[in-house]
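**Q** Just passing along the structure, written as C-alpha coordinates.
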Amino acid sequence: MHCLYLLRKTVNCAVQNVMWYFFGIVTGVDMTPHSAPVEPFDLVIFGGTGDLAMRKLLPALLHRFNDGQMPPGSRVIAVARDHGFSSAQYRERVQQALSGKGDHAGLADFLPLLDFHALDVTSAEGWQSFAQEVLRVGERVRVFYLATSPDIFVPICEGLHSHGLAAGQSRVVIEKPIGRDLASAARINDAVGRFFSEQQTYRIDHYLGKETVQNLTALRFGNALFEPLWNAAHIDHVQITVAETVGVESRGPYYDKSGALRDMVQNHLLQLLCLVAMEPPAAFSADAIRDEKLKVLRALKPIDASNAAQLTVRGQYRAGAANGQSAPGYVEELGQPSDTETFVAIKAEVANWRWAGVPFYLRTGKRMPERLSEIVVTFRSVPHSIFEPSAGPLQSNKLVLRLQPDEGVKFWLMNKVPGPGGMRLRHVAMDMSFAETFNVRHVDAYERLLGDVVRGNPMLFMRRDEVEAGWRWADQILAAWANSHEAPNPYTAGSWGPSAAVALIERDGRTWNDDAG
(Lines give C-alpha, C1' and ligand atoms only; values in the text may rest on other atoms or scores of the structure.)
Protein backbone atom coordinates (compact mmCIF):
# COMPACT_ATOMS: atom_id res chain seq x y z
CA MET A 1 0.00 0.00 0.00
CA HIS A 2 2.91 2.35 0.67
CA CYS A 3 3.96 2.01 -2.98
CA LEU A 4 0.42 2.71 -4.11
CA TYR A 5 0.28 5.79 -1.91
CA LEU A 6 3.59 7.14 -3.23
CA LEU A 7 2.60 6.52 -6.85
CA ARG A 8 -0.76 8.19 -6.37
CA LYS A 9 0.85 11.13 -4.59
CA THR A 10 3.45 11.54 -7.35
CA VAL A 11 0.88 11.43 -10.14
CA ASN A 12 -1.54 13.78 -8.42
CA CYS A 13 1.19 16.29 -7.58
CA ALA A 14 2.57 16.21 -11.10
CA VAL A 15 -0.86 16.60 -12.65
CA GLN A 16 -1.73 19.42 -10.27
CA ASN A 17 1.51 21.30 -11.02
CA VAL A 18 0.84 21.04 -14.74
CA MET A 19 -2.73 22.19 -14.27
CA TRP A 20 -1.56 25.37 -12.50
CA TYR A 21 0.34 26.27 -15.67
CA PHE A 22 -2.09 24.83 -18.17
CA PHE A 23 -5.16 26.70 -16.97
CA GLY A 24 -3.49 29.76 -15.47
CA ILE A 25 -4.60 29.02 -11.90
CA VAL A 26 -3.00 31.03 -9.11
CA THR A 27 -1.32 28.92 -6.46
CA GLY A 28 -2.06 29.31 -2.79
CA VAL A 29 -5.18 28.95 -0.70
CA ASP A 30 -7.44 30.49 -3.36
CA MET A 31 -7.89 27.71 -5.94
CA THR A 32 -10.59 29.37 -8.08
CA PRO A 33 -9.72 29.97 -11.75
CA HIS A 34 -8.58 33.44 -12.72
CA SER A 35 -8.54 34.86 -16.23
CA ALA A 36 -7.02 38.05 -17.56
CA PRO A 37 -9.64 40.81 -17.81
CA VAL A 38 -11.01 41.70 -21.22
CA GLU A 39 -12.19 44.94 -22.78
CA PRO A 40 -15.92 45.52 -23.38
CA PHE A 41 -17.10 43.40 -26.31
CA ASP A 42 -20.20 42.50 -28.30
CA LEU A 43 -21.45 38.95 -28.68
CA VAL A 44 -24.16 38.62 -31.32
CA ILE A 45 -26.07 35.32 -31.33
CA PHE A 46 -27.83 34.49 -34.58
CA GLY A 47 -30.51 32.00 -33.54
CA GLY A 48 -30.74 33.76 -30.19
CA THR A 49 -34.16 32.29 -29.36
CA GLY A 50 -33.14 28.72 -30.17
CA ASP A 51 -32.35 25.72 -28.00
CA LEU A 52 -28.56 26.12 -28.11
CA ALA A 53 -28.73 29.75 -27.03
CA MET A 54 -31.11 29.13 -24.16
CA ARG A 55 -29.62 25.86 -22.96
CA LYS A 56 -25.89 26.49 -23.37
CA LEU A 57 -24.75 29.91 -24.59
CA LEU A 58 -26.69 32.22 -22.29
CA PRO A 59 -26.02 30.17 -19.12
CA ALA A 60 -22.32 30.18 -20.06
CA LEU A 61 -22.36 33.94 -20.51
CA LEU A 62 -24.12 34.39 -17.16
CA HIS A 63 -21.36 32.42 -15.44
CA ARG A 64 -18.70 34.46 -17.27
CA PHE A 65 -20.48 37.59 -16.09
CA ASN A 66 -20.51 36.36 -12.49
CA ASP A 67 -16.78 35.61 -12.76
CA GLY A 68 -16.08 39.21 -13.80
CA GLN A 69 -15.34 38.39 -17.43
CA MET A 70 -18.00 40.64 -18.98
CA PRO A 71 -16.93 44.20 -18.19
CA PRO A 72 -19.42 47.10 -18.11
CA GLY A 73 -20.39 48.16 -21.60
CA SER A 74 -20.36 44.62 -23.02
CA ARG A 75 -23.45 43.63 -24.99
CA VAL A 76 -25.21 40.40 -25.90
CA ILE A 77 -27.44 40.88 -28.93
CA ALA A 78 -29.81 38.07 -29.85
CA VAL A 79 -30.94 37.90 -33.47
CA ALA A 80 -33.91 35.90 -34.79
CA ARG A 81 -36.81 36.26 -37.24
CA ASP A 82 -39.37 36.78 -34.47
CA HIS A 83 -40.76 40.16 -35.50
CA GLY A 84 -42.83 41.86 -32.85
CA PHE A 85 -40.61 40.40 -30.11
CA SER A 86 -39.13 43.17 -27.92
CA SER A 87 -35.88 43.20 -25.94
CA ALA A 88 -37.93 43.30 -22.73
CA GLN A 89 -39.85 40.19 -23.78
CA TYR A 90 -36.59 38.50 -24.70
CA ARG A 91 -35.13 39.22 -21.27
CA GLU A 92 -38.22 37.73 -19.65
CA ARG A 93 -37.81 34.61 -21.76
CA VAL A 94 -34.16 34.31 -20.82
CA GLN A 95 -34.98 34.85 -17.15
CA GLN A 96 -37.48 31.99 -17.25
CA ALA A 97 -35.07 29.70 -19.10
CA LEU A 98 -32.11 30.33 -16.78
CA SER A 99 -34.17 30.31 -13.60
CA GLY A 100 -35.53 26.95 -14.66
CA LYS A 101 -31.94 25.67 -14.76
CA GLY A 102 -31.31 26.98 -11.26
CA ASP A 103 -29.18 29.90 -12.45
CA HIS A 104 -30.24 32.76 -10.18
CA ALA A 105 -26.97 34.30 -8.99
CA GLY A 106 -26.27 37.55 -10.79
CA LEU A 107 -29.19 37.10 -13.18
CA ALA A 108 -30.84 40.45 -12.37
CA ASP A 109 -27.59 42.30 -13.16
CA PHE A 110 -26.89 40.18 -16.26
CA LEU A 111 -30.24 40.66 -18.00
CA PRO A 112 -29.75 44.39 -18.82
CA LEU A 113 -26.80 43.40 -21.03
CA LEU A 114 -29.21 41.58 -23.36
CA ASP A 115 -30.91 43.06 -26.39
CA PHE A 116 -33.02 41.50 -29.12
CA HIS A 117 -33.08 42.37 -32.81
CA ALA A 118 -35.56 40.88 -35.28
CA LEU A 119 -33.90 40.14 -38.61
CA ASP A 120 -34.57 37.83 -41.54
CA VAL A 121 -30.98 37.18 -42.60
CA THR A 122 -32.05 35.94 -46.05
CA SER A 123 -33.67 39.30 -46.88
CA ALA A 124 -31.97 42.63 -47.58
CA GLU A 125 -34.56 44.39 -45.44
CA GLY A 126 -33.48 45.10 -41.88
CA TRP A 127 -29.73 44.63 -42.26
CA GLN A 128 -28.96 48.36 -42.33
CA SER A 129 -30.73 49.15 -39.06
CA PHE A 130 -29.14 46.09 -37.46
CA ALA A 131 -25.66 47.20 -38.56
CA GLN A 132 -26.24 50.72 -37.23
CA GLU A 133 -27.22 49.32 -33.86
CA VAL A 134 -24.14 47.09 -33.66
CA LEU A 135 -21.71 49.81 -34.81
CA ARG A 136 -23.04 52.66 -32.68
CA VAL A 137 -20.54 51.95 -29.88
CA GLY A 138 -17.49 52.14 -32.15
CA GLU A 139 -14.63 49.68 -32.74
CA ARG A 140 -14.33 46.71 -30.37
CA VAL A 141 -14.12 42.92 -30.37
CA ARG A 142 -17.29 41.57 -31.96
CA VAL A 143 -18.15 37.88 -31.92
CA PHE A 144 -20.87 36.70 -34.28
CA TYR A 145 -22.08 33.28 -33.13
CA LEU A 146 -23.97 31.32 -35.82
CA ALA A 147 -26.25 29.13 -33.70
CA THR A 148 -28.35 28.40 -36.78
CA SER A 149 -28.85 25.83 -39.47
CA PRO A 150 -25.78 25.58 -41.76
CA ASP A 151 -27.88 26.53 -44.78
CA ILE A 152 -27.94 30.16 -43.64
CA PHE A 153 -24.28 30.46 -42.62
CA VAL A 154 -23.42 32.06 -45.96
CA PRO A 155 -26.28 34.64 -46.05
CA ILE A 156 -25.33 35.72 -42.53
CA CYS A 157 -21.64 36.10 -43.37
CA GLU A 158 -22.45 37.91 -46.60
CA GLY A 159 -24.76 40.32 -44.77
CA LEU A 160 -22.16 41.01 -42.09
CA HIS A 161 -19.50 41.71 -44.70
CA SER A 162 -21.61 43.93 -46.93
CA HIS A 163 -22.65 46.11 -43.96
CA GLY A 164 -19.16 46.62 -42.57
CA LEU A 165 -19.44 44.17 -39.68
CA ALA A 166 -16.76 41.69 -40.75
CA ALA A 167 -13.82 44.08 -40.44
CA GLY A 168 -11.48 44.97 -37.58
CA GLN A 169 -11.68 42.69 -34.55
CA SER A 170 -14.76 40.81 -35.73
CA ARG A 171 -14.89 37.01 -35.39
CA VAL A 172 -17.40 34.44 -36.57
CA VAL A 173 -18.20 31.22 -34.70
CA ILE A 174 -19.55 28.33 -36.78
CA GLU A 175 -21.40 25.49 -35.08
CA LYS A 176 -21.32 21.93 -36.29
CA PRO A 177 -22.32 20.30 -38.52
CA ILE A 178 -20.07 22.00 -41.05
CA GLY A 179 -21.61 20.31 -44.06
CA ARG A 180 -22.82 16.74 -44.39
CA ASP A 181 -19.88 15.50 -46.46
CA LEU A 182 -16.53 16.72 -47.81
CA ALA A 183 -18.03 18.54 -50.79
CA SER A 184 -20.59 20.50 -48.76
CA ALA A 185 -18.05 21.29 -46.02
CA ALA A 186 -15.68 22.68 -48.63
CA ARG A 187 -18.48 24.81 -50.11
CA ILE A 188 -19.31 26.27 -46.69
CA ASN A 189 -15.65 26.91 -45.91
CA ASP A 190 -15.13 28.56 -49.31
CA ALA A 191 -18.21 30.74 -48.91
CA VAL A 192 -17.48 31.83 -45.34
CA GLY A 193 -13.85 32.38 -46.34
CA ARG A 194 -14.91 35.01 -48.87
CA PHE A 195 -16.05 37.24 -46.01
CA PHE A 196 -13.98 36.19 -42.99
CA SER A 197 -10.32 35.19 -42.96
CA GLU A 198 -9.21 31.87 -41.48
CA GLN A 199 -7.88 33.80 -38.47
CA GLN A 200 -11.34 35.27 -37.89
CA THR A 201 -13.17 31.94 -38.23
CA TYR A 202 -13.77 29.76 -35.17
CA ARG A 203 -15.23 26.30 -35.92
CA ILE A 204 -16.51 25.11 -32.59
CA ASP A 205 -16.54 21.58 -31.21
CA HIS A 206 -17.63 21.92 -27.59
CA TYR A 207 -15.94 18.62 -26.65
CA LEU A 208 -12.58 20.37 -27.05
CA GLY A 209 -13.57 22.75 -24.26
CA LYS A 210 -14.13 20.01 -21.69
CA GLU A 211 -11.69 19.98 -18.79
CA THR A 212 -10.72 16.33 -19.17
CA VAL A 213 -10.01 16.70 -22.88
CA GLN A 214 -7.58 19.52 -22.18
CA ASN A 215 -6.11 17.65 -19.24
CA LEU A 216 -5.20 14.82 -21.60
CA THR A 217 -2.64 17.17 -23.14
CA ALA A 218 -1.29 18.03 -19.69
CA LEU A 219 -1.10 14.38 -18.63
CA ARG A 220 0.71 13.31 -21.79
CA PHE A 221 3.16 16.14 -22.23
CA GLY A 222 3.58 17.41 -18.67
CA ASN A 223 4.51 14.12 -17.00
CA ALA A 224 7.41 11.75 -17.61
CA LEU A 225 5.21 8.88 -16.42
CA PHE A 226 3.00 8.46 -19.49
CA GLU A 227 4.59 9.70 -22.71
CA PRO A 228 7.44 7.11 -22.86
CA LEU A 229 4.75 4.39 -22.73
CA TRP A 230 2.39 6.12 -25.18
CA ASN A 231 2.95 3.84 -28.18
CA ALA A 232 2.20 0.46 -29.72
CA ALA A 233 4.88 -1.28 -27.67
CA HIS A 234 3.01 -0.59 -24.42
CA ILE A 235 -0.61 0.21 -25.31
CA ASP A 236 -2.91 -2.63 -26.29
CA HIS A 237 -5.89 -0.61 -27.49
CA VAL A 238 -7.90 2.59 -26.99
CA GLN A 239 -11.65 2.95 -26.52
CA ILE A 240 -13.59 6.17 -26.99
CA THR A 241 -17.26 6.10 -25.97
CA VAL A 242 -19.86 8.86 -26.13
CA ALA A 243 -23.19 7.47 -24.91
CA GLU A 244 -26.49 9.30 -24.46
CA THR A 245 -29.57 8.11 -22.61
CA VAL A 246 -31.90 10.40 -24.57
CA GLY A 247 -33.45 9.73 -27.96
CA VAL A 248 -33.73 12.25 -30.78
CA GLU A 249 -36.44 14.26 -28.98
CA SER A 250 -37.09 17.55 -30.86
CA ARG A 251 -34.09 17.04 -33.15
CA GLY A 252 -35.80 14.32 -35.20
CA PRO A 253 -36.01 16.13 -38.58
CA TYR A 254 -32.36 17.22 -38.37
CA TYR A 255 -31.07 13.96 -36.97
CA ASP A 256 -32.76 11.81 -39.59
CA LYS A 257 -30.80 13.63 -42.31
CA SER A 258 -27.60 13.26 -40.33
CA GLY A 259 -27.26 10.10 -38.26
CA ALA A 260 -24.74 9.20 -35.59
CA LEU A 261 -21.68 9.17 -37.82
CA ARG A 262 -22.19 12.70 -39.14
CA ASP A 263 -23.53 14.03 -35.84
CA MET A 264 -20.90 12.59 -33.49
CA VAL A 265 -18.11 10.55 -35.07
CA GLN A 266 -16.88 12.91 -37.77
CA ASN A 267 -16.32 15.70 -35.26
CA HIS A 268 -16.41 14.81 -31.54
CA LEU A 269 -14.95 11.30 -31.59
CA LEU A 270 -12.33 12.04 -34.24
CA GLN A 271 -11.14 15.08 -32.31
CA LEU A 272 -10.75 12.97 -29.16
CA LEU A 273 -8.88 10.32 -31.17
CA CYS A 274 -6.53 13.01 -32.47
CA LEU A 275 -5.66 14.25 -28.99
CA VAL A 276 -4.90 10.71 -27.85
CA ALA A 277 -2.84 9.80 -30.91
CA MET A 278 -1.04 13.00 -31.93
CA GLU A 279 2.72 13.46 -31.66
CA PRO A 280 4.11 15.97 -29.15
CA PRO A 281 3.72 19.43 -30.70
CA ALA A 282 6.74 21.68 -30.96
CA ALA A 283 5.05 24.25 -28.74
CA PHE A 284 1.86 24.79 -26.80
CA SER A 285 0.32 26.91 -29.53
CA ALA A 286 -2.80 26.69 -31.65
CA ASP A 287 -1.24 25.85 -34.99
CA ALA A 288 1.39 23.52 -33.54
CA ILE A 289 -1.32 21.39 -31.90
CA ARG A 290 -3.64 21.54 -34.91
CA ASP A 291 -0.79 20.54 -37.20
CA GLU A 292 -0.29 17.36 -35.18
CA LYS A 293 -4.01 16.57 -35.11
CA LEU A 294 -4.14 16.94 -38.88
CA LYS A 295 -1.33 14.38 -39.26
CA VAL A 296 -3.41 11.86 -37.28
CA LEU A 297 -6.47 12.40 -39.46
CA ARG A 298 -4.39 11.91 -42.59
CA ALA A 299 -2.86 8.72 -41.13
CA LEU A 300 -6.19 7.01 -40.43
CA LYS A 301 -6.47 3.79 -42.39
CA PRO A 302 -9.28 4.00 -44.96
CA ILE A 303 -12.52 2.21 -44.20
CA ASP A 304 -14.43 1.65 -47.43
CA ALA A 305 -16.52 -0.90 -49.28
CA SER A 306 -13.72 -3.46 -49.00
CA ASN A 307 -13.67 -3.58 -45.18
CA ALA A 308 -16.59 -1.55 -43.76
CA ALA A 309 -18.61 -4.68 -42.97
CA GLN A 310 -15.76 -5.98 -40.76
CA LEU A 311 -14.77 -2.67 -39.15
CA THR A 312 -18.06 -0.82 -38.60
CA VAL A 313 -21.46 -1.44 -37.02
CA ARG A 314 -24.60 0.63 -37.53
CA GLY A 315 -27.50 0.41 -35.11
CA GLN A 316 -30.95 1.89 -34.53
CA TYR A 317 -32.78 1.71 -31.22
CA ARG A 318 -36.09 -0.05 -30.78
CA ALA A 319 -38.60 0.38 -27.97
CA GLY A 320 -37.29 -0.50 -24.53
CA ALA A 321 -36.54 1.12 -21.19
CA ALA A 322 -34.22 4.09 -20.62
CA ASN A 323 -33.72 6.16 -17.47
CA GLY A 324 -36.06 3.79 -15.68
CA GLN A 325 -38.93 4.55 -18.02
CA SER A 326 -40.35 2.94 -21.13
CA ALA A 327 -38.93 4.48 -24.30
CA PRO A 328 -40.28 4.34 -27.86
CA GLY A 329 -38.16 3.21 -30.76
CA TYR A 330 -36.50 5.66 -33.13
CA VAL A 331 -39.07 5.09 -35.89
CA GLU A 332 -41.92 5.70 -33.44
CA GLU A 333 -40.29 8.92 -32.21
CA LEU A 334 -39.66 10.08 -35.75
CA GLY A 335 -43.13 9.15 -36.95
CA GLN A 336 -41.99 7.56 -40.20
CA PRO A 337 -39.82 4.67 -41.47
CA SER A 338 -36.09 5.38 -41.54
CA ASP A 339 -32.74 3.66 -42.06
CA THR A 340 -30.80 6.36 -40.23
CA GLU A 341 -28.34 5.02 -37.65
CA THR A 342 -28.57 6.09 -34.00
CA PHE A 343 -25.53 4.01 -33.00
CA VAL A 344 -22.09 3.53 -34.54
CA ALA A 345 -19.14 1.38 -33.53
CA ILE A 346 -15.90 1.55 -35.50
CA LYS A 347 -12.55 -0.19 -35.26
CA ALA A 348 -10.09 2.42 -36.54
CA GLU A 349 -6.31 2.35 -36.87
CA VAL A 350 -3.70 5.07 -37.18
CA ALA A 351 -1.13 3.93 -39.72
CA ASN A 352 2.13 5.35 -38.39
CA TRP A 353 5.11 4.10 -36.39
CA ARG A 354 3.72 5.09 -32.98
CA TRP A 355 0.35 3.35 -33.39
CA ALA A 356 0.74 0.60 -35.97
CA GLY A 357 -1.38 -2.37 -34.94
CA VAL A 358 -3.18 -0.58 -32.08
CA PRO A 359 -6.96 -0.55 -32.61
CA PHE A 360 -8.99 2.51 -31.67
CA TYR A 361 -12.54 1.38 -30.88
CA LEU A 362 -15.01 4.24 -31.31
CA ARG A 363 -18.58 3.97 -30.07
CA THR A 364 -21.48 6.39 -29.83
CA GLY A 365 -25.22 5.97 -29.55
CA LYS A 366 -28.54 7.21 -28.28
CA ARG A 367 -30.78 5.45 -25.73
CA MET A 368 -27.80 3.90 -23.96
CA PRO A 369 -27.98 2.69 -20.32
CA GLU A 370 -26.14 5.75 -19.03
CA ARG A 371 -24.90 9.14 -20.10
CA LEU A 372 -21.19 8.64 -20.48
CA SER A 373 -18.24 10.11 -22.36
CA GLU A 374 -14.83 8.61 -21.71
CA ILE A 375 -11.48 7.67 -23.19
CA VAL A 376 -9.97 4.38 -22.02
CA VAL A 377 -6.31 3.67 -22.74
CA THR A 378 -5.58 0.00 -21.99
CA PHE A 379 -1.93 -0.93 -21.57
CA ARG A 380 -0.48 -4.29 -22.53
CA SER A 381 -0.47 -7.06 -19.95
CA VAL A 382 2.72 -8.01 -18.12
CA PRO A 383 4.61 -10.60 -20.21
CA HIS A 384 4.85 -13.13 -17.38
CA SER A 385 3.12 -13.54 -14.01
CA ILE A 386 5.31 -14.49 -11.04
CA PHE A 387 2.29 -14.98 -8.76
CA GLU A 388 0.46 -18.16 -7.83
CA PRO A 389 -3.03 -18.63 -9.35
CA SER A 390 -4.50 -18.17 -5.88
CA ALA A 391 -3.36 -14.54 -5.94
CA GLY A 392 -6.02 -13.80 -8.55
CA PRO A 393 -5.91 -12.85 -12.23
CA LEU A 394 -3.66 -10.05 -13.45
CA GLN A 395 -5.57 -7.33 -15.27
CA SER A 396 -4.20 -4.67 -17.58
CA ASN A 397 -3.45 -1.16 -16.38
CA LYS A 398 -5.98 1.34 -17.68
CA LEU A 399 -6.01 5.11 -17.88
CA VAL A 400 -9.65 6.24 -17.91
CA LEU A 401 -10.43 9.87 -18.70
CA ARG A 402 -14.05 10.66 -17.90
CA LEU A 403 -15.46 13.64 -19.80
CA GLN A 404 -18.98 13.43 -18.43
CA PRO A 405 -20.94 13.29 -16.29
CA ASP A 406 -18.27 13.62 -13.56
CA GLU A 407 -15.02 14.83 -15.09
CA GLY A 408 -11.87 13.21 -13.81
CA VAL A 409 -9.07 10.70 -14.31
CA LYS A 410 -8.70 7.14 -13.01
CA PHE A 411 -5.59 5.02 -13.28
CA TRP A 412 -6.27 1.32 -12.74
CA LEU A 413 -3.43 -0.91 -11.54
CA MET A 414 -2.83 -4.17 -9.66
CA ASN A 415 -2.25 -3.91 -5.94
CA LYS A 416 -1.90 -6.29 -2.99
CA VAL A 417 -4.94 -6.58 -0.77
CA PRO A 418 -3.76 -5.45 2.71
CA GLY A 419 -3.54 -7.94 5.55
CA PRO A 420 -2.08 -11.36 6.29
CA GLY A 421 -2.94 -14.56 4.49
CA GLY A 422 -0.59 -14.46 1.54
CA MET A 423 -0.51 -12.55 -1.70
CA ARG A 424 -3.94 -11.54 -2.95
CA LEU A 425 -4.17 -9.08 -5.82
CA ARG A 426 -6.91 -6.66 -6.75
CA HIS A 427 -7.45 -4.25 -9.65
CA VAL A 428 -7.88 -0.83 -7.99
CA ALA A 429 -8.15 2.74 -9.23
CA MET A 430 -6.35 5.89 -8.29
CA ASP A 431 -9.23 8.31 -8.66
CA MET A 432 -8.77 12.03 -9.27
CA SER A 433 -12.07 13.88 -9.43
CA PHE A 434 -11.42 17.42 -10.62
CA ALA A 435 -14.16 18.84 -8.41
CA GLU A 436 -12.62 17.25 -5.30
CA THR A 437 -8.94 17.65 -6.16
CA PHE A 438 -9.02 21.30 -7.25
CA ASN A 439 -12.06 22.46 -5.26
CA VAL A 440 -13.39 24.49 -8.17
CA ARG A 441 -16.76 24.99 -9.75
CA HIS A 442 -17.40 22.82 -12.79
CA VAL A 443 -16.90 25.08 -15.80
CA ASP A 444 -19.04 24.25 -18.82
CA ALA A 445 -17.15 23.85 -22.10
CA TYR A 446 -19.01 26.77 -23.68
CA GLU A 447 -17.81 29.14 -20.95
CA ARG A 448 -14.21 28.42 -21.83
CA LEU A 449 -14.75 28.48 -25.58
CA LEU A 450 -16.68 31.75 -25.59
CA GLY A 451 -13.94 33.33 -23.51
CA ASP A 452 -11.31 32.06 -25.92
CA VAL A 453 -13.11 33.59 -28.91
CA VAL A 454 -13.29 36.97 -27.19
CA ARG A 455 -9.55 36.76 -26.43
CA GLY A 456 -8.74 35.62 -29.97
CA ASN A 457 -7.32 32.24 -28.90
CA PRO A 458 -8.09 29.60 -31.61
CA MET A 459 -6.37 26.64 -29.92
CA LEU A 460 -9.56 24.77 -29.01
CA PHE A 461 -11.23 25.32 -32.38
CA MET A 462 -10.94 23.36 -35.60
CA ARG A 463 -8.98 24.59 -38.57
CA ARG A 464 -10.44 24.19 -42.05
CA ASP A 465 -8.03 21.44 -43.10
CA GLU A 466 -8.93 19.42 -39.97
CA VAL A 467 -12.63 19.53 -40.77
CA GLU A 468 -12.10 18.48 -44.35
CA ALA A 469 -9.64 15.71 -43.46
CA GLY A 470 -12.23 14.27 -41.07
CA TRP A 471 -14.88 14.33 -43.76
CA ARG A 472 -12.53 12.75 -46.29
CA TRP A 473 -12.21 9.70 -44.00
CA ALA A 474 -15.89 9.59 -42.99
CA ASP A 475 -17.17 9.93 -46.56
CA GLN A 476 -15.75 6.54 -47.48
CA ILE A 477 -17.67 4.89 -44.63
CA LEU A 478 -20.90 6.64 -45.59
CA ALA A 479 -20.47 5.58 -49.21
CA ALA A 480 -19.83 1.96 -48.19
CA TRP A 481 -22.99 1.92 -46.07
CA ALA A 482 -25.07 3.48 -48.83
CA ASN A 483 -23.85 0.93 -51.38
CA SER A 484 -24.50 -2.02 -49.08
CA HIS A 485 -28.23 -1.20 -48.79
CA GLU A 486 -28.23 -2.90 -45.37
CA ALA A 487 -30.52 -1.60 -42.64
CA PRO A 488 -29.00 -0.68 -39.25
CA ASN A 489 -28.83 -3.46 -36.66
CA PRO A 490 -31.66 -3.13 -34.13
CA TYR A 491 -30.92 -2.71 -30.43
CA THR A 492 -33.18 -2.28 -27.44
CA ALA A 493 -33.38 1.15 -25.84
CA GLY A 494 -31.45 1.04 -22.58
CA SER A 495 -28.84 -1.42 -23.89
CA TRP A 496 -25.25 -0.85 -25.01
CA GLY A 497 -26.12 -1.23 -28.68
CA PRO A 498 -26.51 -4.14 -31.10
CA SER A 499 -24.83 -7.47 -30.49
CA ALA A 500 -22.70 -6.88 -33.57
CA ALA A 501 -20.91 -4.09 -31.68
CA VAL A 502 -20.00 -6.56 -28.94
CA ALA A 503 -18.72 -8.99 -31.56
CA LEU A 504 -16.67 -6.20 -33.19
CA ILE A 505 -14.40 -5.95 -30.16
CA GLU A 506 -14.72 -9.43 -28.64
CA ARG A 507 -13.51 -11.22 -31.74
CA ASP A 508 -10.22 -9.43 -31.04
CA GLY A 509 -10.18 -10.86 -27.51
CA ARG A 510 -11.16 -7.55 -25.90
CA THR A 511 -14.31 -6.15 -24.33
CA TRP A 512 -16.02 -2.79 -24.00
CA ASN A 513 -15.32 -0.88 -20.80
CA ASP A 514 -18.94 -0.84 -19.63
CA ASP A 515 -18.44 -1.74 -15.98
CA ALA A 516 -14.86 -0.95 -14.99
CA GLY A 517 -15.51 2.76 -14.39
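**Q** For a quick check of your reading: which helices (runs of 4 or more DSSP H) sit entirely within the stretch 277-347 and have at least 3 residues that are within 17 Å of residue 245 (Cα to Cα)?
**A** Answer list for the stretch 277-347: 330-334.
**Q** Output the residues belonging to the stretch 464-494 that are in a loop (DSSP other than H, G, I, E, B) and either aliphatic (A, V, I, L, M) or surrounded by 21 or more Cβ atoms within 10 Å (Cβ to Cβ) (or both).
**A** Once the filter is applied, which keeps residues that are in a loop (DSSP other than H, G, I, E, B) and either aliphatic (A, V, I, L, M) or surrounded by 21 or more Cβ atoms within 10 Å (Cβ to Cβ) (or both), the stretch 464-494 yields 487, 488, 493.
**Q** Name the residue that is modelled with the lowest pLDDT, counting only residues in the stretch 137-146 that are over 13 Å from residue 450 (Cα atoms) and of a type outside the set (Lys, Arg).
**A** Only one residue tops the list, namely 138.
**Q** Does residue 180 satisfy the condition of being assigned to a strand (DSSP E or B), in contact with a helix residue (DSSP H, G or I) (Cβ under 7 Å, 6 or more places away or on another chain) and open to solvent by 10 Å² or more (accessible area, probe 1.4 Å)?
**A** Spelling it out, it is not the case that residue 180 is assigned to a strand (DSSP E or B), in contact with a helix residue (DSSP H, G or I) (Cβ under 7 Å, 6 or more places away or on another chain) and open to solvent by 10 Å² or more (accessible area, probe 1.4 Å).
**Q** If you scan the stretch 328-347, which residues turn out to be charged (D, E, K, R) and either surrounded by 16 or more Cβ atoms within 10 Å (Cβ to Cβ) or touching a residue at least 60 places away in the same chain (Cβ under 8 Å) (or both)?
**A** The answer is 333, 339, 341, 347.
**Q** All but one of (1) under 19 Å from residue 145 (Cβ atoms); (2) in a helix (DSSP H, G or I) hold for residue 69, so report the exception by its number.
**A** Unmet condition: (2).
**Q** Scan the stretch 14-34 and tell me whether some residue there is at pLDDT 50 or above and open to solvent by 60 Å² or more (accessible area, probe 1.4 Å).
**A** yes
**Q** Could you tell me whether any residue of the stretch 260-274 is over 28 Å from residue 452 (Cβ atoms), open to solvent by 10 Å² or more (accessible area, probe 1.4 Å) and outside any loop (DSSP other than H, G, I, E, B)?
**A** No, the stretch 260-274 has no match at all.
Per-residue answers, yes or no, for (1) free of Cβ contacts under 8 Å to residues at least 40 places away in the same chain; (2) open to solvent by 20 Å² or more (accessible area, probe 1.4 Å); (3) out of contact with any strand residue (DSSP E or B) (no Cβ under 6 Å at 6 or more places or on another chain); (4) assigned to a helix (DSSP H, G or I):
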site	(1), (2), (3), (4)
164	yes, yes, yes, no
168	yes, yes, yes, no
187	yes, yes, yes, yes
196	yes, no, no, no
208	no, no, yes, yes
242	no, no, no, no
245	no, no, no, no
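**Q** For the stretch 348-362, which residues satisfy the criterion of being assigned to a loop (DSSP other than H, G, I, E, B), at negative phi, in contact with a strand residue (DSSP E or B) (Cβ under 9 Å, 6 or more places away or on another chain) and open to solvent by 20 Å² or more (accessible area, probe 1.4 Å)?
**A** Across the stretch 348-362, the qualifying residues are 351, 356.
**Q** Please pick out the residue among 286, 277, 299, 309 that is at pLDDT 95 or above and either within 22 Å of residue 206 (Cα to Cα) or open to solvent by less than 10 Å² (accessible area, probe 1.4 Å) (or both).
**A** Exactly one residue qualifies, and that residue is 277.
**Q** State which residue pairs qualify: first residue farther than 12 Å from residue 429 by Cβ and free of Cβ contacts under 8 Å to residues at least 24 places away in the same chain and inside the stretch 389-413, second residue hydrophobic (A, V, I, L, M, F, W, C) and open to solvent by less than 30 Å² (accessible area, probe 1.4 Å) in any location, beta carbons under 6 Å apart, and separation of 6 or more residues or different chains.
**A** From the stretch 389-413, no pairs qualify.
**Q** Could you grab me the full set of residues in the stretch 242-261 that are over 17 Å from residue 372 (Cβ atoms) and in contact with an Asp or Glu (Cβ under 8 Å, 6 or more places away or on another chain)?
**A** Matches in the stretch 242-261: 248, 249, 250, 252, 255, 259, 261.
**Q** Give the stretch 80-117 a look and list any residue that's assigned to a strand (DSSP E or B) and either of a type in the set (Asp, Glu) or open to solvent by less than 30 Å² (accessible area, probe 1.4 Å) (or both), or say none.
**A** 80, 114, 115, 116
**Q** Looking only at residues in the stretch 132-149 that are of a type in the set (Gly, Ala, Ser) and within 33 Å of the chain's Cα centre (by Cα), which one is most open to solvent (accessible area, probe 1.4 Å)?
**A** 149
**Q** If I ask for residues that are open to solvent by 10 Å² or more (accessible area, probe 1.4 Å) and either within 19 Å of residue 477 (Cα to Cα) or touching a Phe, Trp or Tyr at 6+ places or on another chain (Cβ under 6 Å) (or both), which ones from the stretch 247-257 would you list?
**A** Result: 256, 257.
**Q** So which of 152, 156, 77 is over 18 Å from residue 450 (Cα atoms), under 27 Å from the mean Cα position of the chain (by Cα) and open to solvent by less than 10 Å² (accessible area, probe 1.4 Å)?
**A** After ruling out the rest, the residue left standing is 156.
The values are calculated or read from the model by the stated rules, or taken from the named source; none is laboratory data. In this text, all values refer to a predicted model and were calculated from it rather than measured experimentally. For neighbour counting, all protein chains shown are included, and Cβ atoms are generated from backbone atoms with ideal geometry for every residue, glycine included. Note: areas computed on protein heavy atoms with side chains; ligands, DNA, RNA excluded. Shrake-Rupley method; radii C 1.70, N 1.55, O 1.52, S 1.80 Å.
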